[in-house]
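Reading through the structure tokens given below for one structure.
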Amino acid sequence: MPPILQRLQQATKMSRRKILLLVLGCSTVTLLIHQGTQLSWYPKLFPLSCPPLRDPPSRPKHMTVAFLKTHKTAGTTVQNILFRFAERHNLTVALPHPSCEHQFCYPRNFSAHFVHPATRPPHVLASHLRFDRAELQRLMPPGTVYVTILREPAAMFESLFSYYNQYCPAFRRVPNASLEAFLRAPEAYYRAGEHFAMFAHNTLAYDLGGDNERSPRDDAAYLAGLIRQVEEVFSLVMIAEYFDESLVLLRRLLAWDLDDVLYAKLNARAAGSRLAAIPAAL
């Protein structure tokens, strides 16, 4: 092949390579411009972290709550949380009729007639009462969430004995107001049917609307039935010994904000006012 023809072929091959390199270069520049100027495109092409998690869709706050305030179980602190929430959101709070004083005519069975007419129908109920499912459902609007709180029975009974020592006849009969003396022979001091007698015998069962004279040893089926009734009605049973954990559950149940469940302890006794520890044998 003549040298001139060979040179023309070589020149053609080099031109094709230059054109190909030029096309690739233009494509790269276009990609860089599309992704961003300078080096800002790099994290977009290769993210260094996971995308942020999306919060679940928020639920509206639940505005209707009935709290069964039991005795000596930190119920006053919960009551204060509910009252503060009601005031902040301009909700109606059920208040006792003047004839019932500060409780809903406790220890009588609750009746909707015990609620002051000016506070009906209520959004929030949180004062002491003896639970009656039918009467509460007649009073509270549909969709009301029912909540209560319980406490370890021995610690609760020590608090009851100390607080109601001058109100409960069974406690007044005990020499020297001795809790240990009462526990050694409760039948010597207790009289069923007396005013405030329930503070000396199964107070929690009484507050929950149960028969506090039914013995679990003699009538286990009744106790099981009472527990089933409680589970059917109450969406949350708080535990005083796990108060903060219970508030977490309450907040989630009602879809409230953290500020809605902040609290200060109320009616807490000083350590020196507590009675001696109950002997293990009792």
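Below is a table of values for the structure above.
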quantity	calculated
Gyration tensor (alpha-carbon) shape descriptor, segment 149-282, a/c threshold 1.5	oblate
Computed lengthening from Arg228 to His113, 0.36 nm per intervening residue step minus Cα-Cα distance	38.7 nm
Calculated diffusion of segment 116-187, Stokes-Einstein form, Kirkwood radius summed over Cα pairs, 20 °C and 1.002 mPa s, µm²/s	139
Other-chain or far-sequence residues with amide H under 5 Å of Ile149's (modelled H)	Thr70, Met238
Coordinate range along principal axes, alpha carbons of segment 80-152, Å, largest first	36, 31, 24
List Lys69, Lys61, ordered by accessible area with a 1.4 Å probe, largest first	Lys61, Lys69
Accessible-area composition of segment 139-240, carbon plus sulfur, in percent [1.4 Å probe]	52
Accessible surface, 1.4 Å probe, highest first, among residues Arg151, Arg228	Arg228, Arg151
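The values are calculated or read from the model by the stated rules, or taken from the named source; none is laboratory data. Predicted model, so just to flag it, every value in this text is computed and none were measured. For accessibility, only protein heavy atoms count, side chains too; no ligands or nucleic acids. Shrake-Rupley method; radii C 1.70, N 1.55, O 1.52, S 1.80 Å.
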